[in-house]
Amino acid sequence: MALRIPGHEHQAPREVGLEEIRDLMGNCQLCELGQTRNNLVFGVGNPRARVMFIGEGPGRNEDLQGEPFVGAAGKKLDSLLCVAGLTRDEIYIANVVKCRPPSNRNPRPAEIEACSPFLREQVRSIWPDVIVCLGNFASQWVLKTQAGVTSLRGQLHQVGHFLVCPTFHPAACIYHPDWLPLLESDLAMVGQWLREHPKEEV
Ligand code: URA
């Protein structure tokens with residue numbers, strides 16, 4: 001499948017690398033978040049990650065630093081990765097929307113739609129085995145459903161090539177500590193699957 005960015009439809013279908021996708025975003029103004037952001041937060045991590053995490057959108061710290069999950073939610077996520085036997089170096093992290101919604105409001109459907117081609121191509125470029133969806137927006141985007149994460153979590157979903165783990169957003173667990181064991185149990189499931197399916201060396 002080809003990268004289809006509005007204004008670039010003329011481009012021939014081909015696989016793209018992460019740098020190229022970032023370059024295509026440039027000073028993106030495809031939605032109004034482009035006008036209020038400080039930095040576009042593209043994504044960070046291992047371009048060959050077996051596990052890709054998808055969050056909702058940058059918060060204040062991420063907007064200022066240009067990197068996903070560097071604030072309180074990021075600290076929480078870092079502390080949880082070991083439950084899946086993972087380190088930050090091994091994974092790739094991106095968000096459904098790449099620019100901070102003002103006052104951390106929910107991203108709007110038009111904003112998600114505008115950003116979708118870029119996230120889709122990030123997923124295609126990384127081609128992870130597992131996608132961990134943090135919160136409602138990522139879970140609904142990946143699983144193409146309106147169902148909430150509460151009903152989706154607790155099991156792994158096969159979506160084509162990808163094994164998808166919808167789970168609570170770490171920031172939500174800061175305010176709902178009773179959700180934390182559920183997030184941990186979802187990540188433990190991912191860890192178990194990874195152990196049972198070791199990467200084949202080429
Ligand atoms: N929350 C998210 O969903 N993404 C970030 O990058 C930071 C906080």
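The values are calculated or read from the model by the stated rules, or taken from the named source; none is laboratory data. Computed from a predicted model, the values in this text were never measured in an experiment. All Cβ positions, even for glycine, are placed from backbone atoms using ideal geometry, and neighbour counts span all protein chains on display. In case anyone asks, the SASA skips ligands and DNA or RNA and just uses the protein heavy atoms, side chains included. Shrake-Rupley method; radii C 1.70, N 1.55, O 1.52, S 1.80 Å.
Restricting the search to the stretch 120-134, which residues are buried (at least 19 other Cβ atoms within 10 Å of the Cβ) and within 24 Å of GLY154 (Cα to Cα)?
Correct list: PRO128, VAL130, ILE131, VAL132, CYS133, LEU134.
Quick one: which strands (runs of 3 or more DSSP E) sit completely within the stretch 110-192 and have at least 2 residues that are in contact (Cβ under 8 Å) with a residue 24 or more places away in the chain?
Fully inside the stretch 110-192 and qualifying: 130-134, 162-167.
Among what's in the stretch 60-85 and is open to solvent by less than 20 Å² (accessible area, probe 1.4 Å) and either among the basic types (Lys, Arg) or in contact with a Leu (Cβ under 7 Å, 6 or more places away or on another chain) (or both), pick the residue that is farthest from the ligand (Cβ to nearest atom).
Filtering the stretch 60-85 for residues that are open to solvent by less than 20 Å² (accessible area, probe 1.4 Å) and either among the basic types (Lys, Arg) or in contact with a Leu (Cβ under 7 Å, 6 or more places away or on another chain) (or both), the one farthest from the ligand (Cβ to nearest atom) comes out as ALA84.
Among the numbered conditions (1) open to solvent by 40 Å² or more (accessible area, probe 1.4 Å); (2) out of contact with any helix residue (DSSP H, G or I) (no Cβ under 6 Å at 6 or more places or on another chain); (3) not aliphatic (A, V, I, L, M), tell me where PHE162 comes up short.
Only one criterion in (1) open to solvent by 40 Å² or more (accessible area, probe 1.4 Å); (2) out of contact with any helix residue (DSSP H, G or I) (no Cβ under 6 Å at 6 or more places or on another chain); (3) not aliphatic (A, V, I, L, M) is unmet by PHE162, namely (1).
Which one of these does ARG120 not meet: (1) more than 16 Å from the ligand (Cβ to nearest atom); (2) more than 15 Å from the chain's Cα centre (by Cα); (3) not hydroxyl-bearing (Ser, Thr, Tyr)?
Among (1) more than 16 Å from the ligand (Cβ to nearest atom); (2) more than 15 Å from the chain's Cα centre (by Cα); (3) not hydroxyl-bearing (Ser, Thr, Tyr), the lone unmet condition for ARG120 is (2).
Report yes if some residue within the stretch 86-98 is touching an Asp or Glu at 6+ places or on another chain (Cβ under 7 Å), open to solvent by less than 60 Å² (accessible area, probe 1.4 Å) and in a loop (DSSP other than H, G, I, E, B); otherwise report no. Talk me through it step by step, then tell me what you get.
Step one: of the stretch 86-98, the residues touching an Asp or Glu at 6+ places or on another chain (Cβ under 7 Å) are 88, 95-97.
Still in the running and open to solvent by less than 60 Å² (accessible area, probe 1.4 Å): 95-97.
With in a loop (DSSP other than H, G, I, E, B) added as a condition, the list becomes 96-97.
Scanning the stretch 86-98, I find at least one residue that is touching an Asp or Glu at 6+ places or on another chain (Cβ under 7 Å), open to solvent by less than 60 Å² (accessible area, probe 1.4 Å) and in a loop (DSSP other than H, G, I, E, B), so the answer is yes.
Where the second residue is open to solvent by 10 Å² or more (accessible area, probe 1.4 Å) and the first is among the acidic types (Asp, Glu) and lies in the stretch 63-75, which pairs have Cβ atoms under 8 Å and are six or more apart or on separate chains?
ASP63/ARG37; ASP63/ASN38; ASP63/ASN39; ASP63/CYS99; ASP63/ARG100; GLU67/VAL44
In this structure, is LEU3 farther than 28 Å from ARG105 by Cβ, over 15 Å from the mean Cα position of the chain (by Cα) and either at pLDDT 95 or above or surrounded by 12 or more Cβ atoms within 10 Å (Cβ to Cβ) (or both)? Quick ask: steps written out before the conclusion?
Details: farther than 28 Å from ARG105 by Cβ: yes; over 15 Å from the mean Cα position of the chain (by Cα): yes; either at pLDDT 95 or above or surrounded by 12 or more Cβ atoms within 10 Å (Cβ to Cβ) (or both): yes.
Spelling it out, LEU3 is indeed farther than 28 Å from ARG105 by Cβ, over 15 Å from the mean Cα position of the chain (by Cα) and either at pLDDT 95 or above or surrounded by 12 or more Cβ atoms within 10 Å (Cβ to Cβ) (or both).
Can you name every residue in the stretch 71-85 that is closer than 14 Å to GLU56 by Cα and in a loop (DSSP other than H, G, I, E, B)?
Hit for the stretch 71-85 is GLY71, nothing else.
Tell me, please, whether a residue that is away from the ligand (no atom under 16 Å from the Cβ), in a loop (DSSP other than H, G, I, E, B) and at positive phi can be found in the stretch 37-59.
No, the stretch 37-59 contains no residue that is away from the ligand (no atom under 16 Å from the Cβ), in a loop (DSSP other than H, G, I, E, B) and at positive phi.
Among the residues in the stretch 98-105, are any closer than 28 Å to GLN155 by Cβ and either out of contact with any Ser or Thr (no Cβ under 8 Å at 6 or more places or on another chain) or not aliphatic (A, V, I, L, M) (or both)?
Taking every residue of the stretch 98-105 in turn, none turns out to be closer than 28 Å to GLN155 by Cβ and either out of contact with any Ser or Thr (no Cβ under 8 Å at 6 or more places or on another chain) or not aliphatic (A, V, I, L, M) (or both).
Provide a single number: the residues in the stretch 151-189 that are closer than 16 Å to ASP78 by Cα and touching a Cys at 6+ places or on another chain (Cβ under 6 Å).
Of the residues in that region, 3 qualify.
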